[in-house]
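The values are calculated or read from the model by the stated rules, or taken from the named source; none is laboratory data. Bear in mind that the values here come from a model prediction, so they are computed numbers and not experimental data. Please note: Cβ atoms are built from the backbone with ideal geometry, for glycine as well, and neighbour counts cover all protein chains shown. In case anyone asks, the SASA skips ligands and DNA or RNA and just uses the protein heavy atoms, side chains included. Shrake-Rupley method; radii C 1.70, N 1.55, O 1.52, S 1.80 Å.
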Amino acid sequence: MVTPAPSADDPEKTITGVVDHIIYRSEESGYTVCVVKSSGHKEGLVVVGTCAAIWAGESLQAEGRWTRHKTHGLQFNAQKMVCVEPQSAAGIEKYLASGLILGIGPVLAGRLVKKFGENTLRIIERESARMESVEGIGKKRRDQIRAAWNEQKAVRDIMIFLHGHNVSTSKAMRIYRVYGDDAIALVRANPYRLAADIWGIGFKSADKIAMDIGIPPQSVVRAQAGIIYTLHTLADEGHCYCPRTELLATAEQLLTIPTAVMEEALALELGKRTLIEEDTAIYLASLYYTETGIAAQIARLLKTPPRWMPVETAKAVAWAAGRMGITFAPGQVRALTLALMEKVSIITGGPGVGKTTIIRALVDMFAAKRLNVCLAAPTGRAAKRMEEATRHPAMTLHRLLKFMPSTGSFDHNQAHPLPGDVFILDEVSMIDVGLMLAFLLALPPAARLVLVGDADQLPSVGPGNVLWDMIASGVLPAVKLDVIFRQSARSWIVHNAHRVNTGQFFEVPPASEGSDFYFVDENDPDKVIRAAIELITKRIPQRFGLNPRTDIQLLTPMRRFQLGAENMNAILQEVLNPKGESVTRYGRIYRAGDRVMQMRNDYDKDVYNGDIGQIRTIAAEDQEVEVDFDGRRVTYQRYELDELSLAYASSIHKAQGSEHPAVVILMTTQHYKLLQRNLLYTALTRGRKLVCLVGSKKAVSIAIHNNCTVERRTRLKQRLVAIRLT
């Protein structure tokens, strides 16, 4: 007998059955829409609710009520969902085939269940050696399956624990990877450690757990965590310190904790030396020692004589000019002379002023003296561009210093210096205080250092304003190149970048002229999107022969909202790469062929924040995604995909240090809060062959006239000045 189909008036409050398949699931919230096969019901039942973990094939018990959705029809709205491992052979096969266990796909799931039936899960957990009797499973695959099974059980417990505290289930695997089997105990003991230890979990999530497990809201422990969080937030905004009164006021507002408790918490942190107070400035200890360390290492370099000093710089410069077949401008001669004569020197300037020519000449001159020259930049793309321009090997700073994931430190340091006589760094404006100190510590005392960059671009993503502070201190000799060379003067990109940098509105060439700069005057967001899509998919490829999936980069001031990078990436993915093997994770779809960006430094994989690659393959059975980063293949497990973002569109901040054959820039009044001169200037200088700006004249004008950038709180300039006084 078949039970009649349920209705919205059905009094049934509980249903049980087997999860047939999952229609939709948010890894962030746990919100799930699934189809359940329940005994007595001919058709599958649609169940909607929130749960910590759920897989096809599991037995589900749900409590709630029937509702009728105006679009999707009858569904069971569950207030509570409880899942347990399946008991039947059919349920187990569906369970294993769902992608739950790394190494088991639909084919292997069928073979295992055919062999072991209802005992399959017990065999995997307790008698895993027997799996080797199944076709396709050897010792290596058996060990992989057993390890994955144990891991998913532990992760499931963590997911259920976190879900009970209204925390995103998507971070459970990452927590398990860091804390292992002790995860729940460690989180219970001090939930605030999550914000410091786990990428993607912030203070507010940790604070919510703390409140749920009973840590008093007015406690000193919470106040200490809030102060540390406030300083880390300021560091994310580029600041190295915060004035005491402002720090206490900000943390007090965040936590609503009395001033007396905040003062006590601050005193405890200062006593533990996790924080350092200098005058009225409060530093995270790491940033204080980083900033003072940079000044100390610069002093060390300046006091140690170089290994080689040219006898006649004029002769050396003339030799390089003859070798390159060019005539150096007076500013370039000054820059070359400075780099040859000084132990540490800075060369700065905008696009088209000859910085790359200077680097090429220096490489030739130093190499002619049989000196070991090392070239490096903060990003892979900048290093690659440096290498192509000079025909001399270049690498990222992280690879130069050889980061060791096992120890969390660099192989090259003060005790184990870098081999080399001359070091030339490009795109120095991107280098934050932490990376600069690591590099300076590894620099041989007798080495010569040449720093090259554009001080007018956006400062580093990380804390500090290293290049600007070094120039402003006046301690390190610097030359600013400001003459645009003939070949660059023909570029409207270079011309307009310099106009913007001096506070002038850009010029648009006549439509009849061939140009590398175009402006589409539009402010309505929908029309801006349509114009950008037409440029990327039709006009630019047809006119310039560029590949829209690899050669054209869309840049926007912000990450969120309609004209933000996230929404534009979803739109462009659907236009440029709508089909193919895919995997969905964290609300994003990743397809083979997608352009993606690494969102954090991952030292184990040797990929870094801002690196751009292309998805080559997606292995559904092993739940792996393989990404090509400039010829180097890197594999991501499913749970690691939140490290990747689509990269058809990027925020301008994320585009620092990279160049693309063509860029399409969005700039409208919707971006009002972020419109600044150095932001627009940085965006314009990302295009190598073509720049198309889509936006309104009003928004561009606001950006050009807003040169009042937020001053970063650092004391590196003063520390460098102090060198001169000692």
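What is the distance in Å between the Cα centroid of segment 193-263 and that of segment 432-447?
Their Cα centres are 32 Å away from one another.
For segment 542-696, give the magnitude of the charge dipole about the Cα centre (Cβ charges: +1 Lys/Arg, -1 Asp/Glu; no others), in debye to the nearest 20.
Dipole magnitude for segment 542-696 comes out near 820 debye.
Just the accessible area for GLU43, please: 1.4 Å probe, Å², rounded to the nearest 10?
GLU43 exposes around 120 Å² with every protein chain in place.
Any idea what the dipole of the chain comes to, in debye rounded to 20, about its Cα centre with Lys/Arg Cβ at +1 and Asp/Glu Cβ at -1?
1580
Rolling a 1.4 angstrom probe over the protein chains, ignoring ligands and nucleic acids, what is the accessible area of MET404 in square angstrom, nearest 10?
Its heavy atoms expose roughly 60 Å² to the probe.
Only sites in a loop by DSSP and with at most 15 other Cβ atoms within 10 Å count here; which trypsin sites (Lys or Arg not before Pro) in segment 195-300 make the cut?
Here the trypsin sites (Lys or Arg not before Pro) that fit, given the DSSP loop and packing criteria, are ARG273.
Identify all aspartates and glutamates with a Cα-Cα distance to LYS115 below 18 Å; exclude those on the same chain that are fewer than 8 residues away in sequence.
Qualifying aspartates and glutamates at Cα under 18 Å: GLU93, GLU125, GLU127, GLU132, GLU135.
Taking a 24 Å limit on the Cα-Cα distance, which of the listed pairs LYS37/LYS114; LYS140/LYS605; LYS208/LYS605; LYS369/LYS717; LYS139/LYS402; LYS343/LYS369 fall beyond it?
LYS208/LYS605; LYS369/LYS717; LYS139/LYS402
With angles folded into 0 to 90 degrees, how steeply does helix 565-576 sit against the dominant principal axis of the chain? Use alpha carbons for both and round to 10.
The angle comes out at about 80 degrees.
Order the following by accessible area, largest value first: ARG719, ARG323, ARG360. Probe radius 1.4 Å; ligands, DNA and RNA are ignored.
I get ARG323, ARG360, ARG719, largest accessible area first.
I'd like to know which of SER128, GLY17, VAL107 lies farthest towards the positive end of the charge dipole of the chain, counting +1 on Cβ of Lys and Arg and -1 on Cβ of Asp and Glu.
Of the listed residues, the answer is VAL107.
Ignoring ligands, DNA and RNA, how do ARG188, ARG677, ARG713 rank by accessible area with a 1.4 Å probe, largest first?
Reading off the accessible areas and sorting them downward yields ARG188, ARG713, ARG677.
Got a sec? What order do GLU151, GLU574 fall in by accessible area at 1.4 Å, biggest, i.e. largest, first?
GLU574, GLU151
Answer with one residue from LEU535, GLY593, ALA619: the one whose Cα lies farthest towards the positive end of the charge dipole of segment 530-639, charges on Cβ with Lys, Arg +1 and Asp, Glu -1.
After comparing all options, I get LEU535.
Just check segment 505-630 against the gyration tensor rule for me: Cα atoms, a ≥ b ≥ c as the square roots of the eigenvalues, rounded for a/c under 1.5, and otherwise prolate or oblate depending on whether a/b exceeds b/c.
Verdict is prolate for segment 505-630.
Post the alpha-carbon centroid distance, segment 369-402 to segment 19-85, in whole angstrom.
55
Which of the trypsin sites (Lys or Arg not before Pro) found in segment 23-103 are in a DSSP loop and have at most 13 neighbouring Cβ atoms, other than their own, within 10 Å?
Filter output for segment 23-103: LYS42, LYS70.
If you roll a 1.4 Å probe over the chain with all protein chains in place, what percent of the accessible area is carbon or sulfur?
Solvent-exposed carbon and sulfur of the chain make up 51 percent of the total.
Here are labelled values, (i) 1.01; (ii) 0.99; (iii) 1.12, and one is the computed Rg/Rh (Cα atoms, Kirkwood Rh) for what I pasted. Which one?
Of the listed options (i) 1.01; (ii) 0.99; (iii) 1.12, (i) comes from this structure.
Pairing the Cα long axis of helix 244-255 with the longest principal axis of the chain, what angle in degrees results, from 0 to 90 and rounded to the nearest 10?
Taking the Cα atoms of the chain, the angle to 244-255 is about 20 degrees.
Using alpha carbon centroids, what distance separates segment 264-340 and segment 554-585, in Å?
Distance between centres, Cα-based: 40 Å.
Using a 1.4 Å probe, how large is the accessible area of HIS495, given in Å² and rounded to the nearest 10?
Probe radius 1.4 Å; accessible area of HIS495 about 60 Å².
Give me the accessible area per residue for the chain, probe 1.4 Å, as a whole number in Å².
Result: 44 Å² of accessible area for each residue.
Select from VAL520, THR556, GLN637 the residue farthest towards the positive end of the dipole of segment 512-665; place +1 on Cβ of Lys and Arg, -1 on Cβ of Asp and Glu, and compute about the Cα centre.
VAL520
If each DSSP helix of 4+ residues adds -39,500 (n - 2.57) and the sum is divided by the residues in the chain, what number results at 222 nm, nearest 500 deg cm²/dmol?
Roughly -11500 deg cm²/dmol at 222 nm, from the helical runs in the chain.
What dipole magnitude, in Debye to the nearest 20, does segment 510-556 give about its Cα centre under +1 on Lys/Arg Cβ and -1 on Asp/Glu Cβ?
The calculation lands at about 260 debye.
Quick check on my link table: of LYS204/LYS654; LYS384/LYS673; LYS654/LYS689, which ones sit more than 22 Å apart, alpha carbon to alpha carbon?
Listed pairs above 22 Å: LYS204/LYS654; LYS384/LYS673.
Which order do the peptides 497-509, 607-619 come out in when sorted by mean C-beta neighbours inside 10 angstrom, highest first?
607-619, 497-509
With the cut-off at 1.5 for a/c, could you classify segment 588-710 from its C-alpha gyration tensor as rounded, prolate or oblate?
Verdict is prolate for segment 588-710.
Considering only DSSP states other than H, G, I, E and B, which chymotrypsin sites (Phe, Trp or Tyr not before Pro) in segment 183-216 qualify as loop sites with at most 16 other Cβ atoms within 10 Å?
Loop-located and lightly packed - TRP199.
On C-alpha positions alone, give me the angle between the axis of helix 285-303 and the longest principal axis of the chain, in degrees, nearest 10.
It works out to around 30 degrees.
DSSP beta bridges in the chain, what fraction antiparallel, as a percent rounded to 5?
60
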